[in-house]
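Inspection log for the structure reproduced underneath, given as structure tokens.
The values are calculated or read from the model by the stated rules, or taken from the named source; none is laboratory data. It should be emphasised that the depicted structure is a prediction, and the values quoted were computed from it without experimental measurement. Note: ideal-geometry Cβ built from the backbone for every residue, glycine included; neighbour counts use all protein chains shown. These accessible areas exclude ligands, DNA and RNA; they are computed on the full protein's heavy atoms, side chains included. Shrake-Rupley method; radii C 1.70, N 1.55, O 1.52, S 1.80 Å.
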Amino acid sequence: MARYSTHTTEFEAKHCDAGHFIRISNLRKTFRARDKNFAVLKGIDLEIDRGDIFGVVGFSGAGKSTLIRCINRLEEPDEGEITIGETEITGLSKQELDRYRQKIGIIFQHFNLLDARTVAENVAFPLEIAGERKDRIASRVKEILELVDLSDKTDFYPGQLSGGQKQRVGIARALANNPDILLSDEATSALDPQTTLSVLDLLKDINEKLKLTIILITHELNVIRYICKNMAVLEDGLIVEKGSVRSVFGAPQSETAKLFLRIDAGFATFGWQDGEGI
Amino acid sequence: MGRITLLETIESAFSAKTWAIVVPAIYDTLYMVLFTTILTVFFGLILGIVLVTTDKDGIYPRPRFNAVAGGIVNGFRSLPSMIVIILTLPLSRLILGKSYGPKACIIALAVTCIPMFGRLVESSILEVSKGKIEAARSMGAKNRDIVLKVLLPEALPSLIRSFTISVIAIISTTALAGTLGAGGLGDVAVRFGYSRFKTDILLAAVLVMIVIVQAIQFAGNTLSKFILKRRHLI
Ligand SMILES: Nc1ncnc2c1ncn2[C@@H]1O[C@H](COP(=O)(O)OP(=O)(O)OP(=O)(O)O)[C@@H](O)[C@H]1O
Ligand SMILES: [Mg+2]
């Protein structure tokens, strides 16, 4: 349900038709638990261009997951507007939403693959949902598994795969329906550094090959540095800083960005403590 | 009559005379168990799915309906099977025209067993992680897809274990119903073994029931393990 003040729509009309692919304005979400309210998103404004790899950083509890989950409406926003291309996501009916979700892929920290299905069957899942024909599914699965370099694991079950391989299956599954957008919620946080790098390389690769827009949530500075073009810093439900990665981390303004850099620099300069701490 | 030794009792338990009584009872029991199981699985599965999906945190939240359905299930579950069977016998008369014999008993048995299997199905399905459901949702899956393509297949090994437990419960409830006019092994064990002190027949009936239960438990465990192994989850 999209409820927004006239103030916002006027603002929209003036400023937000500048050709941004994804436009989020005044997004608010409050969780109600018993009699207490937790305002988690307190009016998010964000514009993301087509083909960008956009990073969102913030400390635990800042609302990153909630924000990304609002984009495919796994979480229903209380207020505000999300527009992708010409489509206002927040105004879609349930049926329209199901169809639209097929165009927004998402990958998760814990992969969320189906244990009952082989790699190929997992990738086929979104195609089955979309009502594709059997022969089309087979050829698409083959194609996409080649893209993520898993052609030799087609008939493996997730239980037989390493974390990195599981995330590749997750990516393949997210890409199966040719989405315009890929959402990534801490997709590398459960992986070791080397595997993280290979998954990031894959994301970079598909961003270029498929002209895919990627929104990536992380609390690892290195991930942002490695693949993001633009970014936003989320602090306690508000965007406190946004722009190119270079500009934000070149001259950090927000507490969160400064702390991120201090911790990053700190760990590097602490030297070897041999378990003594600092 | 004189004293009968244990050895004589055991010998007599395996005699043709005893088995002439026990074998027809085995057929009756298997007949009742088979059809009760079919009814229980069908309706219990539906009940379990309804209980999970209509929960306030389920994929089709209907909290008030869920509370009522859950209350009814609890009501049935809190009554001893014997009472439920006695209460359900008039229902059998209504449907089948009689309230005794194996056929009539199947309905009474199913009524006692469906709520139990429904709860077991519910807990099996609840083991499926929320993340998997969410992933399916994010791909535009409808509730029907989530039930048929995510919840049931993912929960299958656990569902098979729930099924095994239920079949065994059905067997013991069938034995109980047997004493209430349904026939079968329970009836034979009580009528001959207990009331007429035919220990040999009691022994034979009990042995058969033990063998059936062991066989079903073994089959259930094996199948469940086979699936888990194939999925490389154990
Ligand atoms: N369903 C919910 N009900 C109530 N509170 C919630 C719910 N989901 C999230 N929250 C609260 O919202 C806040 C933000 O959560 P969110 O998951 O968006 O944070 P995050 O930035 O992704 O954190 P992390 O880095 O730890 O994943 C947290 O304080 C959390 O407790
Ligand atoms: Mg999170």
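At a glance:
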{"quantity": "Neighbours by Cβ (under 7 Å, 6+ apart or cross-chain): first from region A:104-117, more than 7 Å from chain B (Cβ to nearest Cβ); second open to solvent by 20 Å² or more (accessible area, probe 1.4 Å) and of a type in the set (S, T, N, Q)", "calculated": "A:Gln109/A:Ser189"}
{"quantity": "Near pairs, Cβ below 9 angstrom, 6+ apart or cross-chain, from region A:184-197 (within 14 Å of another protein chain (Cβ to nearest Cβ) and closer than 18 Å to A:Leu113 by Cα) to any residue that is within 16 Å of ligand 2 (Cβ to nearest atom) and among the aromatic types (Phe, Trp, Tyr)", "calculated": "A:Ser184/A:Phe108; A:Asp185/A:Phe108; A:Glu186/A:Phe108; A:Ala187/A:Phe108; A:Ala187/A:Phe111; A:Ala190/A:Phe111"}
{"quantity": "Complete set of residues in region B:175-197 that are surrounded by 15 or more Cβ atoms within 10 Å (Cβ to Cβ) and free of Cβ contacts under 8 Å to residues at least 40 places away in the same chain", "calculated": "B:Thr179, B:Ala189, B:Val190, B:Arg191, B:Gly193"}
{"quantity": "Residue within region A:259-269 that is assigned to a helix (DSSP H, G or I) and within 14 Å of A:Lys64 (Cβ to Cβ) present", "calculated": "yes"}
{"quantity": "Residue identified as closer than 18 Å to B:Thr173 by Cα and among the basic types (Lys, Arg) among B:Arg62, B:Arg77", "calculated": "B:Arg77"}
{"quantity": "Per-region count, region A:223-241, residues more than 16 Å from ligand 1 (Cβ to nearest atom) and in contact (Cβ under 8 Å) with a residue 40 or more places away in the chain", "calculated": "4"}
{"quantity": "Subset tally (residues that are within 25 Å of A:Ser254 (Cα to Cα) and either near ligand 1 (Cβ under 10 Å from one of its atoms) or away from chain B (no Cβ under 14 Å) (or both)) for region A:63-78", "calculated": "8"}
{"quantity": "Residue check for B:Ala104: more than 26 Å from B:Thr164 (Cα to Cα) and crowded, with 16+ Cβ neighbours inside 10 Å", "calculated": "no"}
{"quantity": "Residue check, A:Glu47 open to solvent by 30 Å² or more (accessible area, probe 1.4 Å), free of Cβ contacts under 8 Å to residues at least 60 places away in the same chain and away from ligand 1 (no atom under 14 Å from the Cβ)", "calculated": "yes"}
{"quantity": "Qualifying positions in region A:26-71 - more than 15 Å from ligand 2 (Cβ to nearest atom) and in a loop (DSSP other than H, G, I, E, B)", "calculated": "A:Arg34, A:Asp35, A:Asp49, A:Arg50, A:Gly51, A:Asp52"}
{"quantity": "Residues that are in a helix (DSSP H, G or I) and within 7 Å of chain A (Cβ to nearest Cβ), drawn from region B:136-148", "calculated": "B:Arg137, B:Ser138, B:Asp145"}
{"quantity": "Test set (1) more than 10 Å from chain B (Cβ to nearest Cβ); (2) in contact with a helix residue (DSSP H, G or I) (Cβ under 8 Å, 6 or more places away or on another chain) - A:Glu88 fails condition number", "calculated": "(2)"}
{"quantity": "Among (1) at pLDDT 95 or above; (2) away from chain B (no Cβ under 14 Å); (3) within 14 Å of ligand 1 (Cβ to nearest atom), the one test that A:Ser60 misses", "calculated": "(1)"}
{"quantity": "So A:Gly237, is it within 16 Å of ligand 2 (Cβ to nearest atom) and modelled with pLDDT of 90 or more", "calculated": "yes"}
{"quantity": "Single match in A:Glu143, A:Glu128 (criterion: within 11 Å of another protein chain (Cβ to nearest Cβ) and surrounded by fewer than 20 Cβ atoms within 10 Å (Cβ to Cβ))", "calculated": "A:Glu128"}
{"quantity": "Meets criteria (within 12 Å of chain B (Cβ to nearest Cβ), open to solvent by 50 Å² or more (accessible area, probe 1.4 Å) and assigned to a helix (DSSP H, G or I)) for A:Arg99", "calculated": "yes"}
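Yes/no per residue for (1) open to solvent by less than 40 Å² (accessible area, probe 1.4 Å); (2) within 13 Å of the chain's Cα centre (by Cα):
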{"site": "A:Gly55", "(1), (2)": "yes, yes"}
{"site": "A:Gly58", "(1), (2)": "yes, no"}
{"site": "A:Gly61", "(1), (2)": "no, no"}
{"site": "A:Ser65", "(1), (2)": "no, yes"}
{"site": "A:Asn72", "(1), (2)": "yes, yes"}
{"site": "A:Glu76", "(1), (2)": "no, no"}
{"site": "A:Ile84", "(1), (2)": "yes, no"}
{"site": "A:Thr90", "(1), (2)": "yes, no"}
